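Data block below; observations after.
The values are calculated or read from the model by the stated rules, or taken from the named source; none is laboratory data. On a predicted model such as this, the values are computed, not experimentally measured, just so you know. Positions of Cβ are generated from backbone atoms using ideal geometry, with glycine treated the same way; all protein chains shown enter the neighbour counts.
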Amino acid sequence: MLAELTHRCPLRCGYCSNPIGRHSRSSELTTQQWCQVFEEARELGVLQVYFSGGEPLLRRDLAGLVAHARRLGLYTSLITGGQGMSADRLADLVASGLDHVQISLQDADAAVADAIAGRAAVHRRKLTAARLVKEVGLPLTLNVVLHRANIGHTRDLIDLALRLRADRLELANAQYYGSALLNLPALLPNRAQLDAAETLVQEARNTLAHRLEIVYVRSDLHDGVPKPCMHGWGSRQLTVTPSGDVLPCPAAARIPGLDVPNVRQAALADIWFHSAAFNRFRGTAWMPEPCRSCPLKEDDHGGCRCQAFQLAGDPAATDPACRLSPHHALVRTLLQDAESAPDTLPYRA
Amino acid sequence: MTCWRLRPGVRLIHDSVRDAGVLLHPDGVLILNETGARVLALCDGNTDLVTIADALSRAYDAVPLHDLRDFLDALARRRLIERAHP
């Protein structure tokens, strides 16, 4: 379960996939409401909570929420940009039973990283936060969203992860939702950039396997193979937004006609099993051709519903990332444009 | 003698919803069968492979040592357990 505690964030990354009209502070769930959500989630069978955002450290009640989730037996991960992480704050979280921390990095170079995040000294604070996490002995994951402005620094990012003694490094090609979609022409890498990065990742995985786990999230647009989005709609994961909306994936709010359920109105188990939203693309019965007769339909689940809507205008279409999609020409055009696009830094709209 | 322990950040719990042992880790969950859960409960950094095999053999039919070794090696490759040096 992804618990988006707030959409407030001190950073302004141009690749942010959160909704552009973000929830305000006054609409956020209270401490008590979140605790109730975690209780219902555990009864439903949820085992993991990712405390995310926005920036979850902006919630003053974070340590209390972690403690409550942990008492229920949930595995607790903090997904943070690292701003506002002090030794005292981290000590509170450790005492609350926090299991794991993931810190995002924008780049290996401080000046580029700060330009991408849209704020000064962001990178330096992230490095400090990463060192604090290692000092208290928690497992540390570093997450980097890859795009045109940083994918050429893949080697430096791996070196930085080694210097910070990270346990895992996630190198994830940008997913084009929210601001990222608006900035797509400035973000999408070209084929040569992508190939170079993938070669480096493969080499590093072979030589560093015992020191650093490298998770690489491929670019479905370049591959012509759709991603198995969320392992299937309403299959393994759910997202609760700051205001209590419950979504089958973090980007699903933009899908038109999705009657989004909310924890203030319904129990989580009822939402998971019976809501129209969670059943809309569950399984394979909703699929059009070419998915319906495709031998891979149980593997890729037809790709991403949000990407199908954003690129093809129809959330029930085959993901245009798939080379078999009747809309795949749209993706080919985006990729052709990326071959000749200038290198400019993406800023949040 | 080889002893194993869970890596930092990995926890073994009993999930009452599924009535099964579950290994929780930074990247997800591994739902265990009864034997797997019993083995991992003995990955405490002090119990060697032969002792684990003996304990299993008392509860179930004889468990071949090489099966046990394969199981633990696979978990080590997934960075869920590590060798301990008691």
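Run A:Ile20 past the list (1) at pLDDT 95 or above; (2) β-branched (Val, Ile, Thr); (3) over 26 Å from A:Phe273 (Cα atoms) and report the number of the one that doesn't hold.
Status for A:Ile20: all satisfied but (1).
Scan segment A:74-121 for residues that are touching a Ser or Thr at 6+ places or on another chain (Cβ under 7 Å), within 14 Å of another protein chain (Cβ to nearest Cβ) and in a loop (DSSP other than H, G, I, E, B) and jot them down.
A:Gly97, A:Leu98, A:Asp99
Look through A:Val49, A:Val101, A:Val133 and report the one residue that is crowded, with 24+ Cβ neighbours inside 10 Å, under 27 Å from A:Leu208 (Cβ atoms) and touching a helix residue (DSSP H, G or I) at 6+ places or on another chain (Cβ under 6 Å).
None of the others qualify; the one that does is A:Val101.
Scanning for something in contact with a Pro (Cβ under 8 Å, 6 or more places away or on another chain) and at pLDDT below 95, does segment A:228-239 turn up at least one residue?
Yes, some residue in segment A:228-239 is in contact with a Pro (Cβ under 8 Å, 6 or more places away or on another chain) and at pLDDT below 95.
Take the residues of segment A:28-45 that are among the hydrophobic types (A, V, I, L, M, F, W, C) and over 14 Å from A:Ile271 (Cβ atoms): which is farthest from the chain's Cα centre (by Cα)?
Across segment A:28-45, the extreme among qualifying residues is A:Cys35.
How do the helices (runs of 4 or more DSSP H) wholly within segment A:235-349 filter down when requiring 3 or more residues that are in contact with a helix residue (DSSP H, G or I) (Cβ under 7 Å, 6 or more places away or on another chain) and on the phi < 0 side of the Ramachandran plot: which remain?
The helices (runs of 4 or more DSSP H) meeting that bar are A:268-274, A:328-340.
For segment A:105-123, give me each residue that is touching a residue at least 60 places away in the same chain (Cβ under 8 Å), among the small types (Gly, Ala, Ser) and over 13 Å from A:Asn150 (Cα atoms).
A:Gly118
Are any residues in segment A:107-131 of a type outside the set (A, V, I, L, M) and closer than 16 Å to A:Arg163 by Cα, and if so, which ones?
Residues satisfying the conditions are A:Asp107, A:Asp109, A:His123, A:Arg124, A:Arg125, A:Lys126, A:Thr128, A:Arg131.
If A:Asp270 passes every condition in (1) closer than 24 Å to A:Ser52 by Cβ; (2) touching a residue at least 40 places away in the same chain (Cβ under 8 Å) but one, which one does it miss?
Of (1) closer than 24 Å to A:Ser52 by Cβ; (2) touching a residue at least 40 places away in the same chain (Cβ under 8 Å), only one is false for A:Asp270: (2).
Which residues, taken from segment A:136-168, are among the basic types (Lys, Arg) and within 11 Å of chain B (Cβ to nearest Cβ)?
A:Arg168
Based on what the data block shows, is A:Gly64 away from every other protein chain (no Cβ under 14 Å) and surrounded by fewer than 17 Cβ atoms within 10 Å (Cβ to Cβ)?
Spelling it out, A:Gly64 is indeed away from every other protein chain (no Cβ under 14 Å) and surrounded by fewer than 17 Cβ atoms within 10 Å (Cβ to Cβ).
Just give me the residues in segment A:169-205 being more than 22 Å from A:Thr333 (Cα to Cα), without any contact (Cβ under 8 Å) to a residue 24 or more places away in the chain and more than 14 Å from chain B (Cβ to nearest Cβ), in sequence order.
Scanning segment A:169-205 gives A:Glu198, A:Thr199, A:Gln202, A:Glu203.
Within segment A:248-270, which residues are modelled with pLDDT of 95 or more and either under 24 Å from A:Leu324 (Cβ atoms) or touching an Asp or Glu at 6+ places or on another chain (Cβ under 9 Å) (or both)?
A:Pro248, A:Val260, A:Pro261, A:Asn262, A:Val263, A:Ala267, A:Leu268, A:Ala269 - these are the residues of segment A:248-270 that are modelled with pLDDT of 95 or more and either under 24 Å from A:Leu324 (Cβ atoms) or touching an Asp or Glu at 6+ places or on another chain (Cβ under 9 Å) (or both).
Check whether at least one residue in segment B:43-66 is closer than 27 Å to A:Arg168 by Cβ and β-branched (Val, Ile, Thr), and report yes or no.
No, because not a single residue in segment B:43-66 is closer than 27 Å to A:Arg168 by Cβ and β-branched (Val, Ile, Thr).
Out of B:Asp15, B:Asp44, B:Asp70, B:Asp61, I need the residue that is more than 14 Å from chain A (Cβ to nearest Cβ) and over 13 Å from the mean Cα position of the chain (by Cα). Which one?
B:Asp61 is the lone residue from the list that is more than 14 Å from chain A (Cβ to nearest Cβ) and over 13 Å from the mean Cα position of the chain (by Cα).
Helices (runs of 4 or more DSSP H) wholly in chain B with at least 3 residues that are over 21 Å from A:Leu138 (Cβ atoms) and small (Gly, Ala, Ser) - which ones?
B:34-41, B:49-59
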